[in-house]
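The values are calculated or read from the model by the stated rules, or taken from the named source; none is laboratory data. Small disclaimer: the values here were computed from a predicted structure and weren't measured. Don't worry about glycine lacking a Cβ; one is built from the backbone with ideal geometry, like all the others, and counts go over all protein chains shown. The protein model used for the area step is the full one, side chains on, heavy atoms only, and it has no ligands, DNA or RNA in it. Shrake-Rupley method; radii C 1.70, N 1.55, O 1.52, S 1.80 Å.
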Amino acid sequence: FIEHRNGRALIADEMGLGKTIQALAWLRLHPEKRPVVVVVPASLKLNWYRECHMWLQSPKVQILQGTKIVPIIGEIIIVNYDILTDWIDVLKTIKTQVLILDECHYIKNNSAKRTKAVKMLGKTIPHVIALSGTPIVNRPVEAYNALKLIDNTIVPDFWNYAHRYCGAKHNGYGWDFSGATNTEELHEKLTNTVMIRRRKEDVLTDLPDKIRSFLPIELSNEKEYDEAERNFIAYVRKTKGSIAAIKVSNAEVLAEIEGLKQLAIAGKMKQAISWIRDFVEVNGKLVVFAVHRFVIDKLMEEFGDIAVKVDGSVTGESRQQAVDRFQNDDKIRLFVGNIKAAGVGITLTAASNVAFLELPWTPGDVSQAEDRCHRIGQKDSVTIHYLLAVNTIEEKIAQMLDSKRQVLDSILDGKETDNQSLLTELMNEYL
């Protein structure tokens, strides 16, 4: 479809169906079309970097950080919407061939600096590919700027577009374009021209029951974490030789690891919250699992008006009420659960997306938590998102859990198993 459209298209598939890969596949088909500028939400920069290296052959990828201008040396340049204004002048000089706009509803507001920067950058670029899982027919105004960049013959005039498709009405102070009218006409117009959209239910037979996705997140406290990790490595090396004898219930070992885990989660919270906010705005309901109370409390502080929680403090009838509200109330978009307290015995099939902000110690606990959504009554394939702090202990734990998906005895009980203790294996990783 993108090739047929000569690299000017809107990929509007639902989340989890591979919009990123589709855009990268077209780049792989056309290695001569460089440089490429990829504009993304900040929380997705590392993910795009990783996906570029997974799907393209020896890509020269450059991530732009902050507002201090450095030379552009990459062939694929990844920049987040928030800083694009600062980089616009240098990016206009490199003769960009392809512009990719991920989560293109980010340029819905005409008065926003990032919208003006994207429009300025995009007007002379030969190929524009926009990605959005937002159901365009629900909020047509959010798509206008992206559609205009892709093909201005489809929507030549905002005033007419807004009155035809956005339920334009004057509220006494100004014009309100937040509605939706003639939606079937708009959908047909877009699918006959620039847009391809598949929903999970359309391609369900092609999907696995569960899709696991690892989303790398940068730390905001990298220096603090690195120092703690160096101290931990020194501790592990000091105890080398006696590691096999260390019981996994050993409070000292667990305290050392717990310190690293808490620094990692603290350092990724801002980015994780940003990702969750984007997700629930666009993709409907989400189940989020965490371990620590401070993480759950922070999420409820941020999303309390659209969220319910189940942790150790929520019992009996209150627990069931939280589940029922999530299952039945469209306004409740987020379920926040402690992995132990909410990981068993409840059904959350109103969502087909699960996110882990923290990981437990056993693959059994992970699978149990995943299966709150993947149960009888679930009509969709379930996508599980692991939001992991990059280059930290979280990645090591995730890799081990992934390789040991068979249920282990709880290592926190210090039970001997046929498998090497996860904790001991983790410490060996640092030797």
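Among the residues of segment 155-167, some residue qualifies, meaning at least one is touching a Lys or Arg at 6+ places or on another chain (Cβ under 6 Å), of a type in the set (A, V, I, L, M, F, W, C) and more than 15 Å from Asn110 (Cα to Cα).
Out of all the residues in segment 105-113, is one or more farther than 19 Å from Ser274 by Cβ, aromatic (Phe, Trp, Tyr) and surrounded by 14 or more Cβ atoms within 10 Å (Cβ to Cβ)? Checking segment 105-113: not a single residue is farther than 19 Å from Ser274 by Cβ, aromatic (Phe, Trp, Tyr) and surrounded by 14 or more Cβ atoms within 10 Å (Cβ to Cβ).
Annotation note: Cβ proximity below 6 Å between a residue of segment 177-198 that is of a type in the set (Val, Ile, Thr) and a residue that is open to solvent by 60 Å² or more (accessible area, probe 1.4 Å) (sequence gap 6+ or interchain) occurs for Ile196/Phe1. With respect to the conditions (1) surrounded by fewer than 18 Cβ atoms within 10 Å (Cβ to Cβ); (2) out of contact with any strand residue (DSSP E or B) (no Cβ under 7 Å at 6 or more places or on another chain); (3) not in a helix (DSSP H, G or I), Lys33 lacks only one, and its number is (2). Pairing each residue of segment 65-82 that is within 22 Å of Ser43 (Cβ to Cβ) and open to solvent by less than 70 Å² (accessible area, probe 1.4 Å) with any residue that is assigned to a strand (DSSP E or B) and of a type in the set (Gly, Ala, Ser), provided the two are 6+ apart or on different chains, yields no C-beta distance under 7 Å. If the condition is being part of a loop (DSSP other than H, G, I, E, B) and open to solvent by less than 10 Å² (accessible area, probe 1.4 Å), then segment 153-168 contributes Val155, Cys166.
Looking at Leu254, Leu260, Leu359, just one residue is among the hydrophobic types (A, V, I, L, M, F, W, C) and open to solvent by less than 10 Å² (accessible area, probe 1.4 Å), and that residue is Leu260. Is it the case that Ala351 is open to solvent by less than 10 Å² (accessible area, probe 1.4 Å) and modelled with pLDDT of 80 or more? In short, yes. Here are some conditions: (1) at positive phi; (2) in contact with a Cys (Cβ under 6 Å, 6 or more places away or on another chain). Gly167 meets all but one. Which one does it not meet? It fails just one condition, (2). Looking at Arg237, Arg230, just one residue is more than 25 Å from the chain's Cα centre (by Cα), at pLDDT 90 or above and open to solvent by 60 Å² or more (accessible area, probe 1.4 Å), and that residue is Arg230. Hey, any hits in segment 48-59 for a residue that's touching a residue at least 40 places away in the same chain (Cβ under 8 Å), among the polar types (S, T, N, Q) and open to solvent by 10 Å² or more (accessible area, probe 1.4 Å)? No, segment 48-59 contains no residue that is touching a residue at least 40 places away in the same chain (Cβ under 8 Å), among the polar types (S, T, N, Q) and open to solvent by 10 Å² or more (accessible area, probe 1.4 Å). Arg372 satisfies every condition listed in (1) surrounded by fewer than 21 Cβ atoms within 10 Å (Cβ to Cβ); (2) charged (D, E, K, R); (3) touching a Leu at 6+ places or on another chain (Cβ under 6 Å) except (1). Of the listed requirements (1) on the phi > 0 side of the Ramachandran plot; (2) modelled with pLDDT of 90 or more, Ala389 misses just one: (1). The lone criterion from (1) touching a Gly at 6+ places or on another chain (Cβ under 9 Å); (2) farther than 25 Å from Ile21 by Cβ; (3) touching a residue at least 60 places away in the same chain (Cβ under 8 Å) left unmet by Lys95 is number (1). Looking only at segment 310-332, decide whether some residue is closer than 24 Å to Ile217 by Cβ, of a type in the set (A, V, I, L, M, F, W, C) and open to solvent by less than 20 Å² (accessible area, probe 1.4 Å). No: zero hits. For segment 377-391, filtered to residues that are of a type in the set (A, V, I, L, M, F, W, C) and touching a Ser or Thr at 6+ places or on another chain (Cβ under 8 Å), the residue that is surrounded by the fewest Cβ atoms within 10 Å (Cβ to Cβ) is Ile384.
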